[in-house]
6 protein chains.
Amino acid sequence: MTDKNKKELTHINKEGQVNMVDVSSKPITAREAVATGQIQMEPETLDLIKTGQIEKGAVLETARLAGIMAAKKTSDLIPLCHPLFISSVKIEFEIIEPASIKIICKVKTSGQTGVEMEALQGVSSAALTIYDMSKAVDKTMNIGEIKLLEKRGGSSGEFIASE
Amino acid sequence: MTDKNKKELTHINKEGQVNMVDVSSKPITAREAVATGQIQMEPETLDLIKTGQIEKGAVLETARLAGIMAAKKTSDLIPLCHPLFISSVKIEFEIIEPASIKIICKVKTSGQTGVEMEALQGVSSAALTIYDMSKAVDKTMNIGEIKLLEKRGGSSGEFIASE
Amino acid sequence: MTDKNKKELTHINKEGQVNMVDVSSKPITAREAVATGQIQMEPETLDLIKTGQIEKGAVLETARLAGIMAAKKTSDLIPLCHPLFISSVKIEFEIIEPASIKIICKVKTSGQTGVEMEALQGVSSAALTIYDMSKAVDKTMNIGEIKLLEKRGGSSGEFIASE
Amino acid sequence: MTDKNKKELTHINKEGQVNMVDVSSKPITAREAVATGQIQMEPETLDLIKTGQIEKGAVLETARLAGIMAAKKTSDLIPLCHPLFISSVKIEFEIIEPASIKIICKVKTSGQTGVEMEALQGVSSAALTIYDMSKAVDKTMNIGEIKLLEKRGGSSGEFIASE
Amino acid sequence: MTDKNKKELTHINKEGQVNMVDVSSKPITAREAVATGQIQMEPETLDLIKTGQIEKGAVLETARLAGIMAAKKTSDLIPLCHPLFISSVKIEFEIIEPASIKIICKVKTSGQTGVEMEALQGVSSAALTIYDMSKAVDKTMNIGEIKLLEKRGGSSGEFIASE
Amino acid sequence: MTDKNKKELTHINKEGQVNMVDVSSKPITAREAVATGQIQMEPETLDLIKTGQIEKGAVLETARLAGIMAAKKTSDLIPLCHPLFISSVKIEFEIIEPASIKIICKVKTSGQTGVEMEALQGVSSAALTIYDMSKAVDKTMNIGEIKLLEKRGGSSGEFIASE
């Protein structure tokens, strides 16, 4: 990205028309992406989730499934994403005391285009599901820090976010 | 929320089982919700979007449509959300110089349950679409501050976020 | 439509932003719409469909179901359509010798907005399904004359197309 | 159903054409339906699920969510079902020793048509999800006894299955 | 399956977290699966369906299409199923006098994971559609014996159910 | 198509049963299809769209996105279409004075079956979206001339429509 003049938005052609990027001539390669995000809440909301989680797993397990299922639907949600055979979606949670949950989503595929959006969609839908299940007790939750951590495979090479 | 002991997670019953909240005995009332969020990027990425927007509107108009369409699919994405007749979805963007776009989504319905999740889903999908369309030039974008701003209608009354 | 100056595109606001029309203050009324369309083909293709239809009903019955199912998905396909409870979808076919099939789709609902798009979607998907099932023998089929025939209910009153 | 001659299949009109039943003139009433089903497996498979369930709840909680989400999608899956606002879906499991799990799904709505299919869809998708999660250890599982237990509301009155 | 200790539920990792099985390192092979199921009804219900079927094919043809379309949506319905390119879905019915219909669904793909769930989904949705179309005349129908008959391709080898 | 006796409808087998064509033994090849269609309207409606388009692009940009997104959903809408990895969808519009808009949709894939239906679906959904956004000012619009222009790849060889 040293040559700023070379930067252009890939989904918009010279006439400003929006279209899917044509990936038909790209090789099929193994690709993976890792995204992350956080949801902040009142400490007592986190306590309720943790208690539930340790005993029954309900909130985080529901969020995990919602994230996995949404990652599979990414091309239905993001207008210019390509449909993909997704070979793996993995979502993990990290409790950050006193009042936050970190979400990490890793997606793998073997295809002509990357899975960054699938990983970000998984994080986003898992966070929204935590919100939905907890909103009766806490309307001040805040979802943030949704970003790409790692990306491998494809012609654009490896990306690892600087912390 | 003065009586902390009364707080409980509405989607989990006494045996820790996850289920949809039964809204069958709630009255049908007019309801609306406003949610917001931001996507931060490199200043030159914002310049590209703005230039595109003024001339052709592409990135933000695509994000707006993605947000509207995703809001209509909320009950398909959030496991315990009720299907709803949505009577209006409105998404607006605010450029925050030098390097951020604010997204505001307002949803209205007439139904037995609120539309907070629809508004949050609209914000989230609009943000992810901006990400998707700009990711070829900027992999360090960061989506955050997704939260509920206002909620009206229904037995839980009005909620307005303190700034 | 006598005052041309009053015409404006309802989905685009003054800043040119696309949004769903807000129907939250409209009354719930009984509404229905009838749309039609045609698919033209080689006479021998029509013969194959008719023979199949009389004996087994396959092509037209499949098209009828595809049209009904697509009408139910209209709000998922047309970006600014409202989700609706649809109370009836009825699709009929008329063989027009020597080489055309007419499709008529009638949709009813009780809601805050009309069902013209649902009727047009039903016609369109039924026609595409006839095309799909017959394309191995005829690649020159042509779908056309898709238009609204009748519309009742709602504040804009009754519409009946002049033949 | 005393007059056997009066029985006819409601989705097929006199010309044998398949169509959605027109419910536009039916009143909106409270309706509920309860369906059930079973999945039989090897006793050691049930042990694995139970162990998992007691500690972490994974198989049955995943099946419960799958059933709830599928019940919401019934009109997308069953060609002639009407889209419905569903006000509640509740799925419960009963371990039947030594080698079977019973699934009970109760659905409520307020609408012009019943929710039998939604309840049956919930049972069916929960059973298939148990199958999917356990199939690596047991390919002889058998899903059965899927039937309607109770139905209330609407002009056809109450139905309670004789045991 | 001689070593019972080796059995473990593939979708649940050591911490009890639910995740999609990672199939990214599996080879792409030809795979097929055959599943079956039955729907039992009153003899007079079967008579109505048969009469309709011989003349116009309506109930079973609708069920066949519903099964095919649902098989294509399996990864959307079963939370941990992988999206797949399905190369063939074939559904057949067998009338079992005096009061039962057998459903057989065969699915083929070329991919990294099998199509058992797609075949079972096809059977299940076809059965539910027969139920839906006949429920006005018979509320005692019972769907059962849904099971895998055959499975070929992939590292777990061939499976043929013992009758 | 010289031997008329060889023509048969590919989706219906000898017993008249509808099924997906089995493409499991076909090679994976690069395929593309181009379809077209037109929407006719009152000249003043076209003026409103053009004015909007030049300044803000709203109607045609919304239609373009609707067409792209619908093309990705083709296998969900056309009962016997195979799910496909679509590598590119491109939609263009041509203003035909005084009162018509031409839609051209080009789809590419690398797969075992062609993308004619995806291209036709893209055209059809783009046309319906133009209709939806303009229907408040013009109920006499007419969608037609939807047909295949070109098709390449696969054993049936190249097809180019004679003008």
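With respect to B:G154, determine if the residue is more than 18 Å from the chain's Cα centre (by Cα) and either closer than 17 Å to A:D132 by Cβ or of a type in the set (F, W, Y) (or both).
Criteria met by B:G154.
Which condition breaks for E:F93 when tested against (1) within 9 Å of chain D (Cβ to nearest Cβ); (2) under 26 Å from C:T129 (Cβ atoms); (3) surrounded by fewer than 23 Cβ atoms within 10 Å (Cβ to Cβ)?
Here E:F93 meets the rest and fails (1).
Yes or no: F:G114 at pLDDT below 95 and surrounded by fewer than 24 Cβ atoms within 10 Å (Cβ to Cβ)?
For F:G114, the condition - at pLDDT below 95 and surrounded by fewer than 24 Cβ atoms within 10 Å (Cβ to Cβ) - is not met.
How about the range D:153-163: which of its residues are in contact (Cβ under 8 Å) with a residue 60 or more places away in the chain and touching a Gly at 6+ places or on another chain (Cβ under 9 Å)?
Once the filter is applied, which keeps residues that are in contact (Cβ under 8 Å) with a residue 60 or more places away in the chain and touching a Gly at 6+ places or on another chain (Cβ under 9 Å), the range D:153-163 yields D:G153, D:G154.
Only one of D:E61, D:E145, D:E150 is without any contact (Cβ under 8 Å) to a residue 24 or more places away in the chain and more than 27 Å from C:L84 (Cβ to Cβ). Can you tell me which?
D:E61 is the lone residue from the list that is without any contact (Cβ under 8 Å) to a residue 24 or more places away in the chain and more than 27 Å from C:L84 (Cβ to Cβ).
Looking at the range C:17-34, is at least one residue touching a strand residue (DSSP E or B) at 6+ places or on another chain (Cβ under 8 Å), more than 29 Å from B:T74 (Cα to Cα) and at pLDDT 95 or above?
Checked against the condition, which is being touching a strand residue (DSSP E or B) at 6+ places or on another chain (Cβ under 8 Å), more than 29 Å from B:T74 (Cα to Cα) and at pLDDT 95 or above, the range C:17-34 yields at least one hit.
Can you name the residue in the range C:105-116 that is of a type in the set (V, I, T) and not in a loop (DSSP other than H, G, I, E, B) and is also farthest from the other protein chains (Cβ to nearest Cβ) among such residues?
The first filter runs over the range C:105-116 and keeps only residues of a type in the set (V, I, T), leaving C:107, C:109, C:113, C:115.
Then keep just the ones that are not in a loop (DSSP other than H, G, I, E, B); that gives C:107, C:109.
Details: C:V107: 9, C:T109: 7 Å.
Across the range C:105-116, the extreme among qualifying residues is C:V107.
Taking the range F:20-72, which residues are of a type in the set (D, E) and over 25 Å from B:M69 (Cα atoms)?
F:D22, F:E32, F:E42, F:E44, F:D47
Please state which of the following conditions A:A99 fails to meet, knowing it meets all the rest: (1) more than 7 Å from every other protein chain (Cβ to nearest Cβ); (2) under 15 Å from A:A71 (Cβ atoms); (3) touching a helix residue (DSSP H, G or I) at 6+ places or on another chain (Cβ under 6 Å); (4) of a type in the set (A, V, I, L, M, F, W, C).
So A:A99 meets the others, but not (2).
Regarding F:A63, is this residue under 28 Å from B:T129 (Cα atoms), more than 10 Å from chain C (Cβ to nearest Cβ) and under 13 Å from the mean Cα position of the chain (by Cα)?
On the way: under 28 Å from B:T129 (Cα atoms): yes; more than 10 Å from chain C (Cβ to nearest Cβ): no; under 13 Å from the mean Cα position of the chain (by Cα): yes.
It is false that F:A63 is under 28 Å from B:T129 (Cα atoms), more than 10 Å from chain C (Cβ to nearest Cβ) and under 13 Å from the mean Cα position of the chain (by Cα).
Matching residues to (1) at pLDDT 90 or above; (2) basic (K, R); (3) surrounded by 24 or more Cβ atoms within 10 Å (Cβ to Cβ); (4) in a strand (DSSP E or B):
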residue	(1), (2), (3), (4)
C:E15	no, no, no, no
C:E44	yes, no, no, no
C:P79	yes, no, yes, no
C:P83	yes, no, no, no
C:S88	yes, no, no, yes
C:I103	yes, no, yes, yes
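Looking at the structure I just gave you, is E:I143 within 7 Å of another protein chain (Cβ to nearest Cβ), surrounded by 21 or more Cβ atoms within 10 Å (Cβ to Cβ), in a strand (DSSP E or B) and of a type in the set (V, I, T)?
Yes; evaluated as a whole, the condition is true for this residue.
How many of the residues making up the range C:46-75 are within 26 Å of B:D76 (Cβ to Cβ), touching a strand residue (DSSP E or B) at 6+ places or on another chain (Cβ under 9 Å) and either of a type in the set (S, T, N, Q) or assigned to a loop (DSSP other than H, G, I, E, B) (or both)?
Total meeting the criteria: 3.
Quick one: in the range D:130-139, of everything that is in contact (Cβ under 8 Å) with a residue 40 or more places away in the chain and at the interface with chain E (Cβ under 7 Å from one of its Cβ atoms), which residue is surrounded by the fewest Cβ atoms within 10 Å (Cβ to Cβ)?
D:V137
With more than 7 Å from chain E (Cβ to nearest Cβ), over 28 Å from B:G111 (Cα atoms), in a helix (DSSP H, G or I) and at pLDDT 95 or above as the only criterion, which of D:A127, D:A119 stands out?
Just a single option satisfies the conditions, and that option is D:A127.
Tell me, which residue of the range F:22-42 that is more than 14 Å from chain E (Cβ to nearest Cβ) and not in a strand (DSSP E or B) is farthest from F:V89 (Cα to Cα)?
The residue in question is F:E42.
Residues of the range D:104-163 being touching a strand residue (DSSP E or B) at 6+ places or on another chain (Cβ under 8 Å), within 20 Å of D:I68 (Cα to Cα) and of a type in the set (D, E), which ones?
Within the range D:104-163, D:E116, D:E118, D:E145, D:E150 meet the criteria.
The values are calculated or read from the model by the stated rules, or taken from the named source; none is laboratory data. Quick caveat: nothing in here was measured; it's all calculated off a predicted structure. Cβ: placed from backbone, ideal geometry, glycine included. Neighbour counts: every protein chain shown.
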